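Readers should treat all values here as calculations from the given coordinates under stated rules, not as data from a laboratory. Everything numeric in this text was worked out from a predicted model, so none of it was measured. Virtual Cβ from ideal backbone geometry, glycine too; neighbours counted across all protein chains shown.
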């Protein structure tokens, strides 16, 4: 049973889905921008622009954050849309709940910059935190939602493969882990998912992957060797087509002896934590994320 607030969110998302039914890059970008305008950021949230080589980023800080702890946050948006601005409400709420300084980046988006541009931006930013800002990897968490959750897993794999010191932990909110769309929920949940559609998956294939094999482990972490990754928290709802992407990657992580926690929420939509301004379920989800962060840092 969802709250009245979440019921209103679901109605709104159905309108978003209708607005983006053409499923183009332009409609996806416009839709996310419209959703973001619904939230007002508190005045006590500090936002400081920063350049990481050519990557645009921001330090986002609620009051009382710990200066030596940092969350590298990777926003969602199907690899073609989204920005720090579209996700500032979610990011600032995590900063406040976990009392952690956040570095968010505007990684390069497709189709202008297809795979692996965004992944390389995330990897280079992680290295910059250690080499230029002297953060101990034991004080770094990486997290992201949707496509940003995918990038979180992919960058963990790249960090391991490049023999770079890993972050202490990571979290993923409704990540896409299988670009082949082979999970049962990808089609079975399509009628009830008010946010995502299989057509959006086609958009990712056409614009982000292009000629890259969708089973490439840095594109679809489900097909990667997952051994040696740090602890990972995964949050997902039962009313989304990416449910099986979370369930299957969690099982594979467990099989690889990775410390993984899969947190499945009944009747919740894609990245429901992003709707904390409107529904109590979102607020509770933020608290769960903060608890995970503080458990490891």
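What full-extension length gain, to one decimal in nm, is calculated for residue 261 and residue 54 as 0.36 nm per residue of separation minus the Cα-Cα distance? Write out the running numbers ahead of the final one.
On the way: separation 207, 0.36 × 207 = 74.52 nm, distance 3.48 nm.
My answer for the length gained is 71.0 nm.
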(message) Give me 27, 165, 83 sorted ascending by neighbouring Cβ count inside 10 Å, so fewest comes first.
(response) 165, 27, 83
(request) Normalise the Cα radius of gyration of region 143-260 by 2.2 N^0.38 Å (N = residues in it) and let me know the number. (result) 1.01
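Tally the DSSP beta bridges in the chain and give the antiparallel ones as a percent, rounded to 5.
Numbers: 12 of 37 bridges.
If I count the DSSP bridges inside the chain, around 30 percent turn out antiparallel.
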(request) Please work out the C-alpha center-to-center distance from region 237-297 to region 160-211 and express it in whole Å. (result) 14
(request) Note the listed values [x] 19.7, 64; [y] 23.1, 76; [z] 17.3, 48, then indicate which one is Rg and Dmax of the Cα atoms in Å calculated from this particular structure. (result) [z]
